[in-house]
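Enquirer: Have a look at this one before I ask anything.
The values are calculated or read from the model by the stated rules, or taken from the named source; none is laboratory data. Bear in mind the structure is a predicted one, so any value in this text is a computation, not a measurement. Here the Cβ positions follow ideal geometry from the backbone for every residue, glycine too, while neighbour counts run over all protein chains shown. Ligands, DNA and RNA are stripped out before the accessible areas are found, and what is left, the full protein with its side chains, is counted by its heavy atoms. Shrake-Rupley method; radii C 1.70, N 1.55, O 1.52, S 1.80 Å.
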Amino acid sequence: MTQLVGLDVGTTGVKALAVSPEGDVVARAEETYELATPRPGWAEQDPEDWWQAAERALARLGGEPTAIGLSGQMHGLVVLDDRDRVLRPAILWNDQRTGAECAEIEQRVGLARLIELTGNRALTGFTAPKLLWLRRHEPDTYARIAHVLLPKDYVRLRLTGEHAIDVADASGTLLFDVANRRWSEEMVERLELDATWLPRTLESPEISGTTGTGVPVAAGAGDQAAAALGVGVDGPGPVSVVLGTSGVVFAALPAFAADRQARVHAFCHAVPGGWHAMGVMLSAAGSLRWLRDAVAAGRGYEELIAAAEGWPPGTEGLTFLPYLTGERTPHADPDARAAFTGLSVRHDLGALVRAVLEGVAYGLRDSLELLRRLGVDPEAAHASGGGARSEHWLRILASVLGLPIRRTTTDEGSAFGAALLGGVAAGVFRDVHEAVAACVRLGDAVEPDPQWRAAYEDGYRRFALLYPALRPLEDS
């Protein structure tokens, strides 16, 4: 049986998925591992944990895969010596230690030139600032570096023996010339790094190597690009909206385009010759989880959302600013903080919940508005993530964004998109577009509610005023 396997190396665990050429999920397995936080703001993992979890997950799938595609958490730094031994725990995408190094990069290169070269500004999550941090704080380790990889690419190394990366994941290193789909010689030189450390780059569906049993392994993609394929966003038209712990609005672009202030990310897409732009908010469904844990412990999400349904759109002026862990889009501000405003004695738990659902939707609209300035004109949104299981939240989101929203019948995230890339690598599909057309199935649309639209236009204007009004309080 043809079995296309997607392997997603996530932040909390590895997910393995076996998919048929018709898009049916025939087997799945997940293996978890720990996240280390040795100091406040730090986030690290042992790459060996990824590999052992990947081995266990693949074994649990059973059968022999026809092909394997990889996806995973982006931006993380894995450093190896000349014998491919891991030199220190990997520094992850959500690690915040590199603020000084980000400022150094923007000073060395210049912000305008940095955005021109890489499509992005220097953020603490990216890979290049982590290398500068190592050089400054762990010089002995830095001196032994022979290879630099991202998380899923370390698993590739163990699967195939190859040092390689796809252009979509490489785009998030801040060392990649995104417009020209190659490592940036200028960035490497300006930051005084060694170009020989960097792996060869491939388009996402290209074969990066084979396992010991001869199974081809596709280059794969970072988690967001793979997830976009998994919901059918392989070209301009629909946008992908992810309602996970964080929130993402992702649009495929016909050509490279970057926001002048880099408020949205500009990366290569997992489709050869394609690009994408995406806005990322750090606390989406994570905001609802925080509210539940803080004031409604023990209650289920369905109960909370049912309580929210009793309130009208706009929640009588109650507004939630969802910056619980800082923000990325549209404000690259790790010090931004959340707030409820407009509280009255009438507001109860259901009102707080509704305000959170609406505040997250407004935050996602911030990203959509920036994408529209790059020429994105979406016809619909394809939603995924835990929050997308709520019909009521999708109705709010559709009304705030002004777009019909559709879910896929198979919500398997990045691993599903990675499996499709494996199918292209093995020749099961002619290209990525054929793979998406054959395997991605969409459900019925949740349409914007015309009676809610006016309230949400007023609510979004109120939301947009809150960050600039409250930000000075963080400096006082």
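Enquirer: Consider Val248 carefully, then state whether it is closer than 19 Å to Ser283 by Cβ and assigned to a strand (DSSP E or B).
Expert: Spelling it out, Val248 is indeed closer than 19 Å to Ser283 by Cβ and assigned to a strand (DSSP E or B).
Enquirer: Can you tell which of Arg108, Arg156, Arg113, Arg121 is more than 22 Å from Ala257 (Cβ to Cβ) and open to solvent by 10 Å² or more (accessible area, probe 1.4 Å)?
Expert: Arg108
Residues are listed down the side, and each one gets a yes or a no for (1) without any contact (Cβ under 8 Å) to a residue 40 or more places away in the chain; (2) open to solvent by 20 Å² or more (accessible area, probe 1.4 Å); (3) assigned to a strand (DSSP E or B); (4) β-branched (Val, Ile, Thr):
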| site | (1), (2), (3), (4) |
| --- | --- |
| Ser204 | no, no, no, no |
| Ser208 | no, no, yes, no |
| Gly214 | yes, yes, no, no |
| Ala225 | no, no, no, no |
| Leu229 | no, no, no, no |
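Enquirer: State whether the residues of the stretch 214-221 include one that is hydrophobic (A, V, I, L, M, F, W, C) and under 17 Å from the mean Cα position of the chain (by Cα).
Expert: yes
Enquirer: In the stretch 362-376, is there at least one residue being at pLDDT 95 or above, of a type in the set (S, T, N, Q) and crowded, with 21+ Cβ neighbours inside 10 Å?
Expert: yes
Enquirer: Same structure, new question: Given the residues Val78, Val26, Val9, which is the only one that is of a type in the set (Val, Ile, Thr) and out of contact with any Ser or Thr (no Cβ under 9 Å at 6 or more places or on another chain)?
Expert: It is Val78.
Enquirer: Do we find that Glu379 is part of a loop (DSSP other than H, G, I, E, B), of a type in the set (D, E, K, R), touching a residue at least 60 places away in the same chain (Cβ under 8 Å) and closer than 22 Å to Ala168 by Cβ in this structure?
Expert: no
Enquirer: Of all residues in the stretch 303-354, how many are open to solvent by 80 Å² or more (accessible area, probe 1.4 Å), at pLDDT 95 or above and of a type in the set (D, E, K, R)?
Expert: 4
Enquirer: Give Arg471, Arg430, Arg395 a once-over and let me know the one that is closer than 17 Å to Pro322 by Cβ and over 22 Å from the mean Cα position of the chain (by Cα).
Expert: Arg471
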